[in-house]
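Student: Okay, handing you the structure first.
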């Protein structure tokens with residue numbers, strides 16, 4: 001085997017390791033409440049990441065997301081809402097989004113600032129998700145369930161409700177034993 005082929009093989013191994021990193025590996029989001037949401041802080045917990053929008057026909061799913069979080073948070077589930085205006089259905093500012101969600105849905109689940117989830121400006125988490133699993137949100141309220149190690153367990157489209165049997169089964173299977 002010649003030296004060029006060896007270098008290409010070694011480079012390929014390093015590239016595949018780098019792109020196969022679990023989702024918790026260094027991804028942070030700006031929190032809508034200020035500060036930072038560091039996915040590493042959720043290591044050992046399943047995380048349902050949902051791109052949201054305040055002015056979407058699927059916005060009533062906030063009730064289901066909060067109910068899911070309430071049902072399983074004591075067992076470790078994190079539900080992370082990621083407001084996005086990529087589909088032009090989000091309010092103009094983080095303050096408006098936070099107020100809207102508090103007043104209309106009494107949300108207390110973690111929420112990021114308004115974030116790009118697709119395209120060239122996609123947040124690094126969503127760029128990783130696209131690259132590693134081929135998943136890109138096609139609309140608001142797409143859901144990504146990450147396991148306790150940060151690996152993608154399953155993705156769900158907008159029409160899959162947070163309290164559907166499909167989501168509940170996946171979440172229950174992902175919860176840490178105990």
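Student: Of the conditions (1) out of contact with any helix residue (DSSP H, G or I) (no Cβ under 8 Å at 6 or more places or on another chain); (2) closer than 22 Å to residue 169 by Cβ, residue 50 fails just one. Which one is it?
Tutor: (1)
Student: Considering only residues that are farther than 14 Å from residue 29 by Cβ and in contact (Cβ under 8 Å) with a residue 12 or more places away in the chain, look in segment 79-92 and name the one that is surrounded by the most Cβ atoms within 10 Å (Cβ to Cβ).
Tutor: That would be 90.
Student: Next up: Of the residues 134, 157, which is within 13 Å of residue 48 (Cα to Cα) and either under 16 Å from the mean Cα position of the chain (by Cα) or buried (at least 16 other Cβ atoms within 10 Å of the Cβ) (or both)?
Tutor: 157
Student: Collect the residues in segment 40-78 that are buried (at least 18 other Cβ atoms within 10 Å of the Cβ) and closer than 16 Å to residue 152 by Cβ, keeping them in residue-number order.
Tutor: Hits for segment 40-78 are 42, 45, 46, 47, 48, 49, 50, 51, 77, 78.
Student: May I pose another question? For the structure I just gave you, tell me whether residue 129 is out of contact with any strand residue (DSSP E or B) (no Cβ under 6 Å at 6 or more places or on another chain) and surrounded by fewer than 19 Cβ atoms within 10 Å (Cβ to Cβ).
Tutor: No: the conditions fail for residue 129.
Student: Does segment 23-33 include one or more residues that are under 25 Å from residue 163 (Cβ atoms), in a helix (DSSP H, G or I) and modelled with pLDDT of 95 or more?
Tutor: No, segment 23-33 has no match at all.
Student: Just to check your reading of the model, which residue among 117, 167 is closer than 20 Å to residue 66 by Cβ and at pLDDT 95 or above?
Tutor: 167
Student: Starting from segment 101-114, keep only residues that are touching a residue at least 24 places away in the same chain (Cβ under 8 Å) and at negative phi, then list their pairs with residues that are part of a loop (DSSP other than H, G, I, E, B) and exposed (fewer than 13 other Cβ atoms within 10 Å of the Cβ) whose Cβ atoms are within a distance under 8 Å, requiring at least 6 positions of separation or different chains.
Tutor: Short answer, once both residue conditions are applied: 111/33; 114/93.
Student: Can you name the residue in segment 78-106 that is in contact with a strand residue (DSSP E or B) (Cβ under 7 Å, 6 or more places away or on another chain) and not in a helix (DSSP H, G or I) and is also farthest from residue 137 (Cα to Cα) among such residues?
Tutor: Ranking the qualifying residues of segment 78-106, first place goes to 78.
Student: Let me ask another. Given the residues 122, 177, which is the only one that is within 19 Å of residue 44 (Cα to Cα) and without any contact (Cβ under 8 Å) to a residue 24 or more places away in the chain?
Tutor: 177
The values are calculated or read from the model by the stated rules, or taken from the named source; none is laboratory data. From a predicted model like this one, the values you see are computed outputs, not experimental measurements. Glycine gets a Cβ as well: all are built from the backbone with ideal geometry, and neighbour counts include every protein chain shown.
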